[in-house]
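Undergrad: This is the structure I want to talk about, given as structure tokens.
The values are calculated or read from the model by the stated rules, or taken from the named source; none is laboratory data. Source: prediction; values computed, not measured. Methodologically, a virtual Cβ is constructed for each residue, glycine included, from the backbone with ideal geometry; neighbour enumeration extends over all protein chains shown. Just so you know, the surface numbers come from the protein's heavy atoms only, side chains and all, with ligands and any DNA or RNA stripped out. Shrake-Rupley method; radii C 1.70, N 1.55, O 1.52, S 1.80 Å.
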Amino acid sequence: YRPEEKVYVKGYVRQRYRGAIAAVSGDGTLVVEGPGGMTWRYPIKLSAQGSFDHVFNEATAPTGPYRIHFEHHEQPQCGSVEILKEAYRTPEFDLKLNAPEQVPLDREFKVRLTAQYYAGGQASERPIRWRVTQFPYAWTPKAYTGFFFSSDGRFSGRERFQGSQAMEREDVTDAQGSATLALNPATEATGQPRTYVVEATVTGADDQTVTTTQRVLALPAVVLGLKMPRY
């Protein structure tokens, strides 16, 4: 979408009980999460068919990635979709993030940023705004014949997912147009599997911003299984 374009959102909410699928009634909230931690919440009333529609058209909405999801009183998060708002004007530089797709939970990992002008040369000494958010990730170890692993609640019990609040940090690219952000899952309160969403926004000399994101899965470094006869 261009910044001035409206975003038409349509949703259908269903519940499944004992194999039967039925429409959901009642009220809910449509949540739009934008760049820089901006959030909009809209009250929604579901129709008799369990559907809703909404037009997202905020004049102050910046360019960058957006995540839209629906919240119902019986389900904190029900479905989600991601969109991207980009300026019509072509950016002068390209922005890339480089990080491993999966990392262990017991050690630090780094996300590297590179900003390079399309005309050639590095985008040096340009302001960077980092933002890091965490989300729970459902994970089970790979099955091995004859081995028995503990239940899905083996890490940190069965309590609700805990993660640090969204982290925001200001930085500047170096002479090579690069920067590095270090993250350490071992400092979290629990060892639950999680997804890190790293968002970097660089401001060019013409005050135009370019944003890109990188997802990193943080999984347990060690999984314990026992091989035993089963009856």
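Undergrad: Would it be correct to say that T90 is without any contact (Cβ under 8 Å) to a residue 60 or more places away in the chain and out of contact with any helix residue (DSSP H, G or I) (no Cβ under 6 Å at 6 or more places or on another chain)? Don't jump to the end; show me each part of the working.
TA: Numbers: without any contact (Cβ under 8 Å) to a residue 60 or more places away in the chain: yes; out of contact with any helix residue (DSSP H, G or I) (no Cβ under 6 Å at 6 or more places or on another chain): yes.
Taking the combined requirement at face value, the residue satisfies it.
Undergrad: For region 86-108, indicate whether the set of residues that are at pLDDT below 90, open to solvent by less than 80 Å² (accessible area, probe 1.4 Å) and in a loop (DSSP other than H, G, I, E, B) is non-empty.
TA: yes
Undergrad: Can you pull out every residue in region 116-150 that is outside any strand (DSSP E or B), surrounded by 14 or more Cβ atoms within 10 Å (Cβ to Cβ) and over 17 Å from the mean Cα position of the chain (by Cα)? Reasoning before the result, please.
TA: Initial filter on region 116-150 (outside any strand (DSSP E or B)): 118-121, 123-126, 137-146, 150.
In the following step, the residues that additionally are surrounded by 14 or more Cβ atoms within 10 Å (Cβ to Cβ) were identified as 123-124, 126, 137, 139, 141.
Hits for region 116-150 are A123, S124, R126, P141.
Undergrad: How many residues does region 194-213 contain that are buried (at least 19 other Cβ atoms within 10 Å of the Cβ) and either of a type outside the set (S, T, N, Q) or closer than 21 Å to P136 by Cα (or both)?
TA: 7
Undergrad: Say whether the condition of being touching a residue at least 12 places away in the same chain (Cβ under 8 Å), of a type in the set (D, E) and either assigned to a strand (DSSP E or B) or open to solvent by less than 30 Å² (accessible area, probe 1.4 Å) (or both) is met by at least one residue in region 55-70.
TA: Scanning region 55-70 turns up no residue that is touching a residue at least 12 places away in the same chain (Cβ under 8 Å), of a type in the set (D, E) and either assigned to a strand (DSSP E or B) or open to solvent by less than 30 Å² (accessible area, probe 1.4 Å) (or both).
Undergrad: For region 29-54, which positions are assigned to a strand (DSSP E or B) and of a type outside the set (A, V, I, L, M)? Give the derivation first.
TA: Our first condition is that a residue be assigned to a strand (DSSP E or B); within region 29-54, this holds for 29-33, 39-45, 51-54.
Passing the criteria: T29, E33, T39, W40, R41, Y42, P43, K45, S51, F52, D53, H54.
Undergrad: Moving on. If the Cβ limit is 8 Å and pairs must be 6+ apart or interchain, which residue in region 189-213 that is outside any strand (DSSP E or B) pairs with which residue that is of a type in the set (F, W, Y) and open to solvent by 30 Å² or more (accessible area, probe 1.4 Å)?
TA: T190/F155; T190/F161; G191/F155; Q192/F155; Q192/F161; P193/Y137; P193/W139; P193/F155
Undergrad: What is the residue count in region 168-182 for residues that are hydrophobic (A, V, I, L, M, F, W, C), open to solvent by less than 50 Å² (accessible area, probe 1.4 Å) and modelled with pLDDT under 95?
TA: Step one: filter region 168-182 for residues hydrophobic (A, V, I, L, M, F, W, C), giving 172, 175, 179, 181-182.
Those still in the list that are open to solvent by less than 50 Å² (accessible area, probe 1.4 Å) too: 179, 181-182.
This time we only want the ones that are modelled with pLDDT under 95, so: none.
Residues flagged as hydrophobic (A, V, I, L, M, F, W, C), open to solvent by less than 50 Å² (accessible area, probe 1.4 Å) and modelled with pLDDT under 95 within region 168-182 amount to 0.
Undergrad: For residues in region 1-46 being surrounded by 13 or more Cβ atoms within 10 Å (Cβ to Cβ) and without any contact (Cβ under 8 Å) to a residue 24 or more places away in the chain, which is farthest from M167 (Cα to Cα)?
TA: Restricting to residues being surrounded by 13 or more Cβ atoms within 10 Å (Cβ to Cβ) and without any contact (Cβ under 8 Å) to a residue 24 or more places away in the chain, the top hit is Y42.
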